Structure formats: structure tokens, C-alpha cells
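The next block holds one structure in the form of C-alpha cells; read it before the comments.
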Amino acid sequence: RAKERGKARAEVFDTTMRRRAVERLELESGLRDALTRGQLRVVYQPEVSLESGRIVAVEALLRWDHPQHGPVSPGRFIPIAEQSGLIVPIGAWVLREACRQAARWNAQNGGDGVVVAVNLSPRQLGATDLAATVRGALEGASLPPDRLCLEITESAVMADPDAAIESLHMLKRLGVKLAIDDFGVGYSSLSHLRELLPVDVLKIDRSFIDGLVLRGEDRAIVTAIVELARSLGVDAVAEGVETPEQAAVLRTMRCHVAQGFHFARPQSPGDVAQLLDVHQLGELLG
Ligand code: C2E
Ligand code: MG
Ligand code: MG
Ligand code: MG
């Protein structure tokens, strides 16, 4: 009996595995044509200075509108794009789009202009033509290099620290800004952190912001990261800020910048243009 039950369970497991594998292959082949079929778009989420309430940057976030499945979340398709290598051409397109968009906003608004942040995955970081791709995107849009920030997750860096640090230095020479994304969950040792110093921004992982108000441990960790950033002379950005209470705690810590649904959701370029416009007139996000 037990043996039979085991067998039945193994079959259920098998079916689930097979269904997942099929779904994955289907998504992969769909993703292959998504770009040329116009199914990909980029939305942008503001990052707000906790001091002035002004939008200092916007993060480019990829969206896929699948003709059958509807919206597929990046959490599902980015890993497939990464493993298949499709992230390289798709990521290059995101870079070009984001640079063009930032140049357009900045031409409308004057001043120093907003910084656009673009996520780079490990495959992209390891690609030999990365520098040429980034330079091409900047030049094609006539965007000054310091208006582009490239985000690399802490775990991507730690997967191959020597290679990653070399790529980061190479990117830095182009004049772009660099951010370590999802900081605090990727096991950076302090000795690696020292070598990461070409970075300009530490983005504190959302998981620590979740417990900021109720959990003393999370508050202690966020305080430590903000202090670390300050003494290293880099900006700390809190991700995933959803409530006014969280924003208030971050302000008392003198965290520089925050990003999250409390301030603004990821949105279309046109909606961001309006937000930036309103900000010019002095109405601030709090
Ligand atoms: P990430 O770079 O850490 O981006 C932040 C994620 O947090 C985004 O999820 C954003 O929508 C979400 N978020 C922002 N504020 C809040 C909040 O207050 N609460 C909650 N619950 N979530 C918030 P999204 O857009 O689903 O992207 C997920 C991840 O996919 C990104 O994490 C990034 O690692 C990756 N990704 C997105 N676009 C790209 C891309 O163009 N290239 C690459 N390589 N990766 C991308
Ligand atoms: Mg990011
Ligand atoms: Mg992040
Ligand atoms: Mg994150």
C-alpha cells in the first residue's frame, strides 16, 4: 500500500514538474518574439528625496503583456530571460528606452534633471560588449552619463566578486552611477564592500523595510546600513516603502532616498512626466 501511495505521489510530482517545464518552455519561446512583437514595455517608479520630497531618480522596470496569459511578472520571466540569454538583447533595449525617456523628461524640465536607474542582470554584467551597449544607449539619447544609474544586485556581485568588481570599475569609467540593489540579503563581506567603492548608492532590500516599524531587529539593520552608507559617502535608498509610518522612521534615521507604493507606483512615461512637472511647481511627495 505504502509503495503504491509512493508511486501515485511520484506521478503527481512528475505531472507537476512536466507542466512546469512545458510552461517554462512556452514562456521562453514567447519571450523570444516579445520584443519584435511589441509586447514589452518599460514603466518607471520615482525615487524621492526624504529631505526635500523631490523626485531625484526613476527606476525603469520591465513589463511583459503576454497575448494569452496577460501580464507576466518580472519575477517569473526575468529568470527565464537570464537563463536563456535573452536578457542580453532585451536588457540592451531597456537601456536604450530608458535613456531616451530620461533625455525627453529632462529636456522638458530643465535643471539638473532626473537620474534614470536601470537593472542589470548577471548575464549582462558578464557580457563582453556591455561598455559598448551602455555607451551606445547614452549617445543615442544624448543623455549625460551621470544621469544613468546601473543597478546590480548584491547577490549577482557575490556570485563572482572579482569579475563583477572589474565590470563595475569599467562602467564607472564611462561616468555612470552605480547602485547595489537588494542590499543586505546577498552576504557581502566587509572586505568586498571596500572593493565595491565605485558604487554611489546602496538600495536597502525591501524585506528589511517591511518590519521597520514593528521589528526591532529590522530597524537595527536598516539603521546600520544607513550609517554604513553615510560613512562610506554613498546614498542609501530604501525600497518598498508602503506606509507613512515607515517613511517617518526612515526620516528620523536620515535615510537619503525612498522608493515605494507610499510615494508612487511604477507608471507610464506620460504619468511620470506629469509628476515631474507638478514637482517643478513645488508640490512634493511625502
Ligand atoms: P528590483 O530592481 O528590486 O525592483 C523593485 C521591485 O519592487 C519592483 O518589482 C517594484 O515594482 C517593486 N516595488 C516597488 N515599491 C514597492 C512597494 O512599496 N511594495 C512592494 N511590495 N513592491 C514594491 P517588479 O517591477 O516586479 O520587478 C521585480 C524585479 O525584476 C526587480 O527587482 C528586478 O530585479 C527585476 N527587473 C525588473 N525589470 C528589469 C529589467 O529591465 N532588467 C533586469 N535585468 N531585471 C529587471
Ligand atoms: Mg532595482
Ligand atoms: Mg531592489
Ligand atoms: Mg528588491
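The values are calculated or read from the model by the stated rules, or taken from the named source; none is laboratory data. Bear in mind that the values here come from a model prediction, so they are computed numbers and not experimental data. Virtual Cβ from ideal backbone geometry, glycine too; neighbours counted across all protein chains shown. Note: areas computed on protein heavy atoms with side chains; ligands, DNA, RNA excluded. Shrake-Rupley method; radii C 1.70, N 1.55, O 1.52, S 1.80 Å.
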Item to check | Residue selected from region 52-76 under the condition of a type in the set (S, T, N, Q) and within 21 Å of ALA21 (Cα to Cα), by the criterion least open to solvent (accessible area, probe 1.4 Å) | outcome: SER73
Item to check | Scan of region 58-81 for residues that are under 16 Å from HIS262 (Cβ atoms) and among the small types (Gly, Ala, Ser), ordered by number | outcome: none
Item to check | Subset of region 107-119 (residues that are open to solvent by 10 Å² or more (accessible area, probe 1.4 Å) and within 16 Å of ligand 3 (Cβ to nearest atom)) | outcome: VAL115, ASN119
Checklist entry - From the list GLU245, GLU217, GLU239, which residue is among the acidic types (Asp, Glu) and within 22 Å of the chain's Cα centre (by Cα)? => result GLU239
Item to check | Residue satisfying condition, being more than 21 Å from ALA117 (Cα to Cα) and either without any contact (Cβ under 8 Å) to a residue 60 or more places away in the chain or away from ligand 3 (no atom under 16 Å from the Cβ) (or both), within set ASP200, ASP210, ASP235 | outcome: ASP210
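Determine if region 169-188 includes at least one residue that is polar (S, T, N, Q) and at pLDDT below 85. Give the steps one after another, and end with the answer.
Here is the first cut: in region 169-188, the ones polar (S, T, N, Q) are 188.
Then keep just the ones that are at pLDDT below 85; that gives 188.
For region 169-188, residues polar (S, T, N, Q) and at pLDDT below 85: present.
Can you tell me which of ALA159, ALA127, ALA131 is touching a Leu at 6+ places or on another chain (Cβ under 9 Å) and hydrophobic (A, V, I, L, M, F, W, C)?
Details: ALA159 fails: touching a Leu at 6+ places or on another chain (Cβ under 9 Å); ALA127 fails: touching a Leu at 6+ places or on another chain (Cβ under 9 Å).
Matching residue, one of ALA159, ALA127, ALA131: ALA131.
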Checklist entry - In region 72-100, how many residues are within 16 Å of ligand 2 (Cβ to nearest atom) and assigned to a helix (DSSP H, G or I)? => result 14
